[in-house]
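**Q** Could you have a look at this structure, given as structure tokens, before my questions?
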Amino acid sequence: MTISPISLAFKNCKKEKRPALITFTVAGDNTKKNSLKILNSIAKYADILELSFLHNCPIADGGQIQNSTYRSLSNGTTLKDTFHIAKKFKNKNPKKPLILMGYYNLIYQNGENNFLKNCKLSRVDGLIVVDLPWPENKKFAKKCKKKSINFVQLLSPTTSKDRLKKIIKDSHDMLYYISMLSTTGGKLKIAPKKILENYSKIKKIDKNKNCVIGFGITNKSIKSFKNSDGVVVGSEICKEITRSLNNRQNPVTNVSKIVSRLKNKIL
Amino acid sequence: MKIKKNIPLIDQHDKFGFWGGKFGGNFIPETLKKPVEDLEILFKKLRKNKKFIKERDYYFKNWVGSPTSFKKLENLTKHLGGAQMWAKVVSEANGGAHKIYNATVHCLIAKRAGKKYIVGDTGAGYAGKMLSMAAKKFGLKCKIFMGAKDIKRQKPNCDAMKKNGAEIVPVYTGSQTLVDAVSECMRYWVSNCDTTHMCVGSTVGPNIFVKICGWSTSQISRELLVQIKKEFGRIPKKIKLLNCVGGGSSSFGFWNEFMHYNKKQIEFIGIEAGGPQKSKRHAAPLTYGSKIGILHGAAQYVNQDFEGQIEETESISAGLDYPGVSPIHCFLKDTKRARYTAATDEEALSAYNLVTKYENLNPSLEPSHAFAEAIKLAPKLSKNTIIIVNSCGDAHKDRDILKQRLGKF
């Protein structure tokens, strides 16, 4: 059996005894061109890249990501553009895992099978669907697996132990632990120690499953999660794009700089 | 797709929460799975708890003011000629609209769940006003999410919310109306679900919220059934129940007890907001054949573009200004138990004019949409047809718009 690019990325990080760095950016933010440029430039530092496909009624996104989404939507970014950006990125970085993230309505309207076909054509490695929880996602997750696309299951502090077990059992190569009760980009409102306690409960169920931690991860807090399998940084990046635009600076170089800085903190 | 007999409509969903196999469900982030499940379990228990029902009925009677009156609109009937015009004046309920039923029940549930805070969304401001009233009554701290555009156009209700001690959180994202308020409210709940109860203001949202709201507003038809029997001595042979539909909470409540009557005897007609005559935009997904999509945690007919982005709506009535509609109404449409049509802004305004000219009734812009259809229908029908309109809101909140558009209030 061939190992998936996502598993391989985790394996390589483990060899280097560090967590994987996972970045999150919004497709088409701030422009379609820059969005691709940002992906290409941060691929040097990031181990896995998440790219969100846009939805204008996001029920779990925080302010920073909402800003990025509206900026991109008002520039006219479509789902087709998102696949196009993904494809161009993968052409240049064939081995770098790319995960698409978004809300189910876009998949539903595109048609599940058609959406997965588009993912394959763009060589997308994985999918995160924010509002398609387990067990509702079982059927779709199976379809993904058939196409060798990783369906990333989400876990949260409210997930019961029994449920954790069942979700982990049905999961593919990567799990995503939501660190706290929050939308994305909220301030870390509980101590990293507490987050790691919950995290270790998940790892105890299956220590071989790669589980990343996301939500509230910043330049300040990232160090605390050095011993996890991976950390996701999203809002911090979206915020940097907004800041750069406000200061009439180049978002591509600025984002690249902060991602490099984040990487240094976990080396 | 069929409606089953002897089972309440709110319970006719499958194990994933879908009515008719495709409307509703729970499209929610993982974080909300547990709080939603907890709420499902609690509500299932409370529905069967005699003490809880007694408590609900006590507050409905003594605080909300049940029953609201059912009366014949003699002058309007005479003017229109044809069918008899009747109104169920739900706007007499404490606070001036049907939203009080859902708000009261949610506060009672929140108390039982041991929650100290309650949050809710609002469009016209009625859901917010009633939730703030009920929260004050039951000692809960209250936050209301409301689109910035709606705050401007429904000032009287905002004043009431503040007076009741609620905090209004203005929502500036998207179209700055109800759709964005609901999204923002859900986002807030995601972040605070451990201490806070969420009240969704209509029969929309994840499955359990549709159920709780429908269960609460059904008080309207429970009262009406008794009132009709008393007034006519039996159930007349031809009744048409007309109700405006935004999210669909008042219409569902107005119809529920009559669900299993033959539709030839009791017909349900839902009237959506058609928007301004000259505009292509509307808030009538059932009337204009919108596609099924996911909005606020549920599958439903919703105004959207080919890609799945939710489209902006336009309506003079903030309470109907919502791109989606209750999954339960989608089910009623597809099973053909109810039929749906739309009235334009202009039609609603002229209906308001006519009703207030002939009757001592002051329906808000939402039920004015239903009156518009009733006024169209009545002259074509026979005298023994009974048209009943749910006058579910009072126009006090619309005084600025009415002054501007009609020069009077």
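**Q** Those residues that are in contact (Cβ under 8 Å) with a residue 12 or more places away in the chain, under 17 Å from B:E37 (Cα atoms) and either charged (D, E, K, R) or more than 13 Å from chain B (Cβ to nearest Cβ) (or both), I need them from the range A:124-170; list them, please.
**A** The answer is A:D131, A:K161, A:R163, A:K166.
**Q** In this structure, does B:K162 turn out to be surrounded by 21 or more Cβ atoms within 10 Å (Cβ to Cβ) and among the basic types (K, R)? Break it down into steps so the answer makes sense when it comes.
**A** On the way: surrounded by 21 or more Cβ atoms within 10 Å (Cβ to Cβ): no; among the basic types (K, R): yes.
Against the criterion (surrounded by 21 or more Cβ atoms within 10 Å (Cβ to Cβ) and among the basic types (K, R)), B:K162 does not qualify.
**Q** Out of (1) surrounded by 24 or more Cβ atoms within 10 Å (Cβ to Cβ); (2) more than 23 Å from B:I266 (Cβ to Cβ), what's the single condition that is false for B:N353?
**A** Result: B:N353 fails condition (1) only.
**Q** Please go through the range A:51-70 and give me each residue that is in contact with a Leu (Cβ under 9 Å, 6 or more places away or on another chain), more than 17 Å from B:G147 (Cα to Cα) and within 9 Å of chain B (Cβ to nearest Cβ), ordered by number.
**A** A:L54, A:H55, A:A60
**Q** Quick check on B:G25: is it over 20 Å from the mean Cα position of the chain (by Cα) and either under 19 Å from A:K138 (Cβ atoms) or surrounded by fewer than 20 Cβ atoms within 10 Å (Cβ to Cβ) (or both)? Write out each step before concluding.
**A** Values: over 20 Å from the mean Cα position of the chain (by Cα): no; either under 19 Å from A:K138 (Cβ atoms) or surrounded by fewer than 20 Cβ atoms within 10 Å (Cβ to Cβ) (or both): yes.
No: the conditions fail for B:G25.
**Q** Let me ask something else about it. Just checking, how many residues over the range A:189-224 are at pLDDT below 95, within 14 Å of chain B (Cβ to nearest Cβ) and surrounded by fewer than 18 Cβ atoms within 10 Å (Cβ to Cβ)?
**A** Count: 2.
**Q** Tell me which of these B:E184 doesn't satisfy, since it passes every other one: (1) within 14 Å of another protein chain (Cβ to nearest Cβ); (2) under 22 Å from B:K22 (Cβ atoms).
**A** (2)
**Q** Does any residue of the range B:29-42 turn out to be over 21 Å from the mean Cα position of the chain (by Cα), within 14 Å of another protein chain (Cβ to nearest Cβ), among the basic types (K, R) and in a loop (DSSP other than H, G, I, E, B)?
**A** Within the range B:29-42 (the criterion being over 21 Å from the mean Cα position of the chain (by Cα), within 14 Å of another protein chain (Cβ to nearest Cβ), among the basic types (K, R) and in a loop (DSSP other than H, G, I, E, B)), the answer is no, since none of the residues qualifies.
**Q** Does A:S35 count as in contact (Cβ under 8 Å) with a residue 12 or more places away in the chain and either within 11 Å of chain B (Cβ to nearest Cβ) or out of contact with any Gly (no Cβ under 6 Å at 6 or more places or on another chain) (or both)?
**A** Numbers: in contact (Cβ under 8 Å) with a residue 12 or more places away in the chain: yes; either within 11 Å of chain B (Cβ to nearest Cβ) or out of contact with any Gly (no Cβ under 6 Å at 6 or more places or on another chain) (or both): no.
Answer is no for this residue.
**Q** Go through A:I48, A:I42, A:I65, A:I38 for me and flag whichever is on the phi < 0 side of the Ramachandran plot, touching a strand residue (DSSP E or B) at 6+ places or on another chain (Cβ under 8 Å), at pLDDT below 95 and buried (at least 22 other Cβ atoms within 10 Å of the Cβ). Explain how you work it out, then say what you get.
**A** Details: A:I48 fails: at pLDDT below 95; A:I42 fails: at pLDDT below 95; A:I38 fails: at pLDDT below 95.
Criteria check complete, one pass: A:I65.
**Q** Something else now. In the range B:258-333, which strands (runs of 3 or more DSSP E) lie fully inside it and hold 3 or more residues that are in contact with a Pro (Cβ under 6 Å, 6 or more places away or on another chain) and surrounded by 23 or more Cβ atoms within 10 Å (Cβ to Cβ)?
**A** Details: elements: B:266-273, B:292-295, B:298-301.
Per the criteria, B:298-301.
**Q** Only one of (1) in contact with a Ser or Thr (Cβ under 8 Å, 6 or more places away or on another chain); (2) without any contact (Cβ under 8 Å) to a residue 60 or more places away in the chain; (3) more than 14 Å from every other protein chain (Cβ to nearest Cβ) fails for A:D173. Which number is that?
**A** (2)
**Q** May I pose another question? Under 8 Å between Cβ atoms, at least 6 apart or on separate chains: pull out the pairs that start in the range B:105-116 with a residue that is farther than 11 Å from B:G139 by Cβ and end on any residue that is part of a loop (DSSP other than H, G, I, E, B).
**A** What qualifies is B:K115/B:L140; B:K115/B:T195.
**Q** On to the next question. Check whether at least one residue in the range A:92-103 is within 13 Å of chain B (Cβ to nearest Cβ) and of a type in the set (V, I, T), and report yes or no.
**A** Filtering the range A:92-103 for residues within 13 Å of chain B (Cβ to nearest Cβ) gives A:101-103.
Pick out the ones that are also of a type in the set (V, I, T) and you get none.
Looking for residues that are within 13 Å of chain B (Cβ to nearest Cβ) and of a type in the set (V, I, T), one finds none in the range A:92-103, hence no.
**Q** Need pairs with beta-carbon distance below 6 Å; first residue within 14 Å of chain A (Cβ to nearest Cβ) and within the range B:150-177, second assigned to a loop (DSSP other than H, G, I, E, B) and not aliphatic (A, V, I, L, M); sequence gap 6+ or separate chains.
**A** Filtered contacts from the range B:150-177: B:S175/B:E312; B:T177/B:D321.
**Q** Give the residue that is farthest from the chain's Cα centre (by Cα), with candidates limited to residues of the range B:301-316 that are within 9 Å of chain A (Cβ to nearest Cβ) and hydrophobic (A, V, I, L, M, F, W, C).
**A** B:F306
**Q** Still on this structure: Out of all the residues in the range B:87-94, is one or more in a strand (DSSP E or B), modelled with pLDDT of 95 or more and out of contact with any Phe, Trp or Tyr (no Cβ under 7 Å at 6 or more places or on another chain)?
**A** Here is the first cut: in the range B:87-94, the ones in a strand (DSSP E or B) are B:87-88.
Narrowing the set further to residues that are modelled with pLDDT of 95 or more leaves B:87-88.
Next, from what is left, pick out any that are out of contact with any Phe, Trp or Tyr (no Cβ under 7 Å at 6 or more places or on another chain): B:87.
Yes: one or more hits.
**Q** Return a yes/no flag: does the range B:400-409 have any residue that is touching a helix residue (DSSP H, G or I) at 6+ places or on another chain (Cβ under 8 Å), without any contact (Cβ under 8 Å) to a residue 24 or more places away in the chain and not charged (D, E, K, R).
**A** Pass one, the range B:400-409, residues touching a helix residue (DSSP H, G or I) at 6+ places or on another chain (Cβ under 8 Å): B:400-402, B:405-406, B:408-409.
Okay, now just the ones that are also without any contact (Cβ under 8 Å) to a residue 24 or more places away in the chain, so B:408-409.
Those left that are additionally not charged (D, E, K, R): B:409.
Looking for residues that are touching a helix residue (DSSP H, G or I) at 6+ places or on another chain (Cβ under 8 Å), without any contact (Cβ under 8 Å) to a residue 24 or more places away in the chain and not charged (D, E, K, R), one finds at least one in the range B:400-409, hence yes.
The values are calculated or read from the model by the stated rules, or taken from the named source; none is laboratory data. Note that the structure is predicted; figures quoted are calculated from it, not measured. Positions of Cβ are generated from backbone atoms using ideal geometry, with glycine treated the same way; all protein chains shown enter the neighbour counts.
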